[in-house]
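Presented below is the structure to which this report refers.
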Amino acid sequence: MTSFLPQSQRRMASVSPGRPAKTGLLVVAALGVLAAALLPAAGAKVKPTKPVSLPPTAALTWNSIAVNAVRSAVITGDGPPRPVLQAEGRVYTAYVQAAVYDAVTMIEGRYVPYHDFSADADGASPEAAVAAAARTTLDYYLPDQAASVDTQYAAYLASLPNAGKAAGVAVGEAAAKDIIAFRANDGRNAPTATYGDPNLPVVAGQWQVVPPATTAATPWLAFMRPFMLESPSQFRLAPPPGLGSKRYADDLNETRAYGAQNSAQRTTEQSATAYFWNANAINQGNQAFRDVATQHGLDLVDTVRLLAMGELVEADALIACFDSKYHYLFWRPYTAIRHADIDGNSATEADPSWLPLLNTPNHPEYPAAHGCGSGALAEIVAKALHTRRIDLTVWGATNGGTTLTTTHHFETVKDLDREVVNARVWIGFHYRDSGLAGVKLSREVAHWTLQRYFRPTGGQYEEESEDD
């Protein structure tokens, strides 16, 4: 299987050995004498040669273009026109990064493709392949962004050398078309039952859409065919704590106190942390992966691998997360605190006017999607760097916005997980148990998928050290 080998090795592998002959022996002997003459003298130091590595510029550029396209797109397939929501955004970026990863590994090797396909990669430009794979995928899934994407594509191709450009474009387009065919009818935007009708009477523990939203967000994500998992329910969580339990009362009372819009307990620093993780997760996660690639000097191949791991694992973590969300349909703090008089727990008390720090997302509470998505981010970086001491700087938001305007630094995976769980309590969106459950789910999804995908062509399993 020479498709997994870099160009130079594939060219060598394609040369027919022919039949041994006397002239061949003479040539071999002559080459042996020449090689001996070129060897350094005894004791001389030989400087090892390094394989030529391509810079990651193409991968970083087209990831940014993809993120901007996803953020700008208008979706019309599942109801009235609307922007791409944060959880489903990882599905669209996953399509792009899967195609880019497959195109580059077809040309350069090193890692096993996500989904194998056929193309003539001899002499192909990896940079042109990246651009063509991203552009073809974006144009298919986000047609309203095609004009902008195509303009950027033409300018980018014009900046590349002509050598190998056409072949690279062919490989990239083939990889994208393969992903599009492979993911056909995967459940994206598929119709589902109606959930969380806010006009029905409140039932203890049962989720309803929270104002100002009026409909549930992307319930189809709970039933979509995962990218790598065997099913959306493969890692379905155990039920949330019972309404009559001490754990439930403790969690609800903590969120009531620290997550309220007018909380007297939440400190200025805690408010800033809550706002930090209100950033748009599509931007936040991809920026983190691009920064890791730059900080650690990853080349093009390792960068496209990191971005593909990031987007596909996070997409599957969120699919699994929404499976549990729409299976349990657990109520948000907004509803639970206002109607604590019907939960049957003597340790909770109703507050009919309670409001969270910011508007509540319009999907069920358990588990916390940020625990699932950001928890997966931490696991992916640990995998890529082979250590759980990730030394990671993440960009976030301030004062209730979603734009990336400030940074937090995390030494370890545990540090990041801990802050995300706290942040979702302090913003008033979740109970502590839900954040912990989301982190648990993300870890299980990441470990299972990364044992099976994005592996080196040699077949060895890479595991990060447990040093956090």
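The values are calculated or read from the model by the stated rules, or taken from the named source; none is laboratory data. Predicted model only: the values in this text are computed from it and were never measured. Neighbour counts run over all protein chains shown; Cβ positions are idealised from the backbone, glycine included. Side chains are part of the model used for accessible areas, which takes the heavy atoms of the whole protein and leaves out ligands, DNA and RNA. Shrake-Rupley method; radii C 1.70, N 1.55, O 1.52, S 1.80 Å.
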Efficiency of FRET between Ala166 and Ala204 - r from beta-carbon atoms, R0 60 angstrom, step 0.05: 0.40
query: Any idea what angle helix 281-295 forms with the longest principal axis of the chain, computed on alpha-carbon atoms, 0 to 90 degrees, nearest 10?
result: 40
Descending principal axes extents, the stretch 149-217, alpha-carbon based, whole Å: 67, 26, 17
- line: Quick calc: nm separation of the 7 Å Cα→Cβ label points for Ser346 and Thr294 -> 5.9
field: Apportionment of accessible area to carbon and sulfur, the chain, percent (1.4 Å)
entry: 56
field: Relative packing of peptides 404-411, 67-74 - highest average C-beta neighbours within 10 Å first
entry: 67-74, 404-411
message: Under the √(5λ) rule applied to the eigenvalues of the Cα gyration tensor, what semi-axes describe the equivalent ellipsoid of the stretch 273-395? Give them in Å, descending.
response: 36, 15, 11
- prompt: Pairing the Cα long axis of helix 413-426 with the longest principal axis of the chain, what angle in degrees results, from 0 to 90 and rounded to the nearest 10?
  reply: 30
statement: As a Kirkwood estimate from alpha-carbon pairs, the chain has a hydrodynamic radius in angstrom of 24.0
- request: Answer with one residue from Pro232, Leu252, Ser118: the one whose Cα lies farthest towards the positive end of the charge dipole of the chain, charges on Cβ with Lys, Arg +1 and Asp, Glu -1.
  value: Ser118
- request: Enumerate the residues in the stretch 324-344 having an amide nitrogen under 16 Å from the point lying 7 Å beyond the Cα of Ser353 toward its Cβ.
  value: 338-339
- request: For the stretch 330-385, compute Rh as the Kirkwood radius over C-alpha pairs and then the Stokes-Einstein diffusion coefficient at 37 °C and 0.692 mPa s; write the answer in µm²/s, rounded to an integer.
  value: 242
query: On average, how much accessible surface per residue is there in the chain, in Å², for a 1.4 Å probe, leaving out ligands, DNA and RNA?
result: 43
message: Using only DSSP helix segments of four residues or longer, with each worth -39500 (n - 2.57), what per-residue ellipticity at 222 nm results for the chain after dividing by its residue count and rounding to 500?
response: -16500 deg cm²/dmol
field: Approximate spin-label separation Ala158-Thr403, in nm, with each point projected 7 Å along Cα-to-Cβ
entry: 3.0
task: Give me the angle, in degrees from 0 to 90, between the Cα long axis of helix 86-108 and the longest principal axis of the Cα atoms of the chain, rounded to the nearest 10.
output: 10
- prompt: Given +1 on the Cβ of Lys and Arg, -1 on the Cβ of Asp and Glu, and no further charges, what dipole in debye does the chain carry about its Cα centre, rounded to the nearest 20?
  reply: 1120
